[in-house]
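Colleague: Structure below; questions to follow.
The values are calculated or read from the model by the stated rules, or taken from the named source; none is laboratory data. These numbers come from a predicted model, not from an experiment. When we count neighbours, we look across all protein chains shown, and the Cβ atoms used for this are built from the backbone with ideal geometry, even at glycine.
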Amino acid sequence: MVLPGVYAPQEDTALLAGVLSGESLPAGAAVLDVGTGTGALALAAAVRGARVTAVDVSWRAVWAARLNAARAGLRVRVLHGNLFTPVHGATFDLVLANPPYVPSPAGGRRPRGAARAWDAGHDGRMVLDRICREAPGLLRPGGVLLLVQSGLSDPGRTVALLQEAGLKASVVRRRRIAFGPVVRGRERWLRQRGLLALAEDEEELVVVRAELPV
C-alpha cells in the first residue's frame with residue numbers, strides 16, 4: 001500500500017531487492033532498512049526471518065511501512081528519524097539503503113515534502129556521502145551494506161569512500177532504465193551540467209555492495 005506523498009517502489013527498489021534475494025543472511029540476522037518508504041525492502045528481509053528495523057524521515061512513510069508490515073503479518077520495527085540517528089549505537093548484519101540520489105537544481109537547499117525521497121543536492125550526493133561516512137560504523141564484522149543509486153551521482157565515489165573506510169566494496173548489479181518523471185523534468189539541466197550525454201536517453205542504476213571484513 002502506498003500512501004499519498006510516500007515514494008512508491010520502482011525500478012531501483014526492484015534492483016536492490018534482487019541483490020538482497022541472493023545475499024546470504026545468518027539465522028536471525030539484524031537488518032536495517034534506511035529510507036524505507038513503503039517498507040518493501042524491509043518486508044523482503046523480514047520474510048527471510050531477519051529481525052528488521054526500518055527508518056524513514058517521513059511520518060507518512062513510517063505509517064505506510066507499519067501498515068504494510070501488519071497487513072503482511074510480519075514483525076518490522078519502524079522508526080521515525082533522519083537516516084541512522086534513531087539507531088545510534090546499534091550494529092547490524094545487513095544495512096539496506098535506497099537513498100535520494102538525483103542531482104537537483106535546488107542545490108544545497110534541503111528538499112521538502114515528497115521531494116525528500118529523490119532530491120539530493122547539485123551532485124546527488126547529499127545523503128550518499130553521509131551513508132558512506134556513517135554506515136561502516138553500523139556493520140558487525142562480516143556485515144554488508146547494499147546501496148542502490150543512479151549513475152548520475154558518481155557510483156565510483158561511493159565505492160572509493162567505502163573502500164577508504166576499510167570495507168570491501170564494488171558495484172555488483174547494473175540496469176539501464178528509461179528516464180522517470182524526475183529525471184525527465186530536469187533533463188535539460190542535467191545535460192547542461194554534463195551529467196547526461198547529449199545522445200543519452202536512459203539512466204543507469206547500480207547496486208553497491210560493501211562488506212566489513214571479519
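Colleague: Can you find a residue that is of a type in the set (A, V, I, L, M, F, W, C), surrounded by 20 or more Cβ atoms within 10 Å (Cβ to Cβ) and in contact with a strand residue (DSSP E or B) (Cβ under 6 Å, 6 or more places away or on another chain) anywhere in region 103-117?
Modeller: Scanning region 103-117 turns up no residue that is of a type in the set (A, V, I, L, M, F, W, C), surrounded by 20 or more Cβ atoms within 10 Å (Cβ to Cβ) and in contact with a strand residue (DSSP E or B) (Cβ under 6 Å, 6 or more places away or on another chain).
Colleague: Step by step: first the residues of region 138-186, then only those that are among the basic types (K, R) and modelled with pLDDT of 95 or more, then the one that is farthest from V208 (Cα to Cα). Which residue is that?
Modeller: That would be R140.
Colleague: Okay, next question. For region 142-162, check the following and say yes or no: at least one residue is of a type outside the set (D, E, K, R), free of Cβ contacts under 8 Å to residues at least 40 places away in the same chain and within 20 Å of P9 (Cβ to Cβ).
Modeller: no
Colleague: Looking at G156, G166, G137, can you tell me which residue is at positive phi, surrounded by fewer than 15 Cβ atoms within 10 Å (Cβ to Cβ) and not hydrophobic (A, V, I, L, M, F, W, C)?
Modeller: Answer to the selection: G166.
Colleague: Could you list, in sequence order, all residues of region 14-34 that are farther than 9 Å from L96 by Cβ and touching a strand residue (DSSP E or B) at 6+ places or on another chain (Cβ under 8 Å)?
Modeller: Across region 14-34, the qualifying residues are L15, G18, V19, E23, L25, P26, G28, A29, A30.
Colleague: Let me ask another. Would you be able to tell me the number of residues in region 57-85 that are more than 20 Å from L146 (Cα to Cα), without any contact (Cβ under 8 Å) to a residue 60 or more places away in the chain and of a type in the set (K, R)?
Modeller: Residues meeting the conditions: 3.
Colleague: Could you tell me whether any residue of region 69-78 is at pLDDT 95 or above, within 14 Å of the chain's Cα centre (by Cα) and outside any helix (DSSP H, G or I)?
Modeller: no
Colleague: Ok, one more. Going residue by residue through region 175-194, is there one that turns out to be assigned to a helix (DSSP H, G or I) and either within 15 Å of V95 (Cβ to Cβ) or of a type in the set (V, I, T) (or both)?
Modeller: Yes, region 175-194 contains at least one residue that is assigned to a helix (DSSP H, G or I) and either within 15 Å of V95 (Cβ to Cβ) or of a type in the set (V, I, T) (or both).
Colleague: Related question: For region 26-56, give me each residue that is in a loop (DSSP other than H, G, I, E, B), hydrophobic (A, V, I, L, M, F, W, C), crowded, with 18+ Cβ neighbours inside 10 Å and free of Cβ contacts under 8 Å to residues at least 60 places away in the same chain.
Modeller: Matches in region 26-56: A50 only.
Colleague: Please go through region 195-214 and pick out each residue that is under 21 Å from G121 (Cβ atoms) and in a strand (DSSP E or B).
Modeller: Residues satisfying the conditions are E203, E204, L205, V206, V208.
Colleague: Moving to a separate point now. Would you point out the residue of region 57-84, among those that are β-branched (V, I, T) and in contact with a helix residue (DSSP H, G or I) (Cβ under 9 Å, 6 or more places away or on another chain), that is surrounded by the fewest Cβ atoms within 10 Å (Cβ to Cβ)?
Modeller: Top of the filtered list is V57.
Colleague: Answer yes or no as to whether V62 is closer than 19 Å to T85 by Cα and not basic (K, R).
Modeller: Here the answer is yes, as V62 does meet what is asked.
Colleague: V208 - would you say it is buried (at least 20 other Cβ atoms within 10 Å of the Cβ) and either at pLDDT below 95 or β-branched (V, I, T) (or both)?
Modeller: yes
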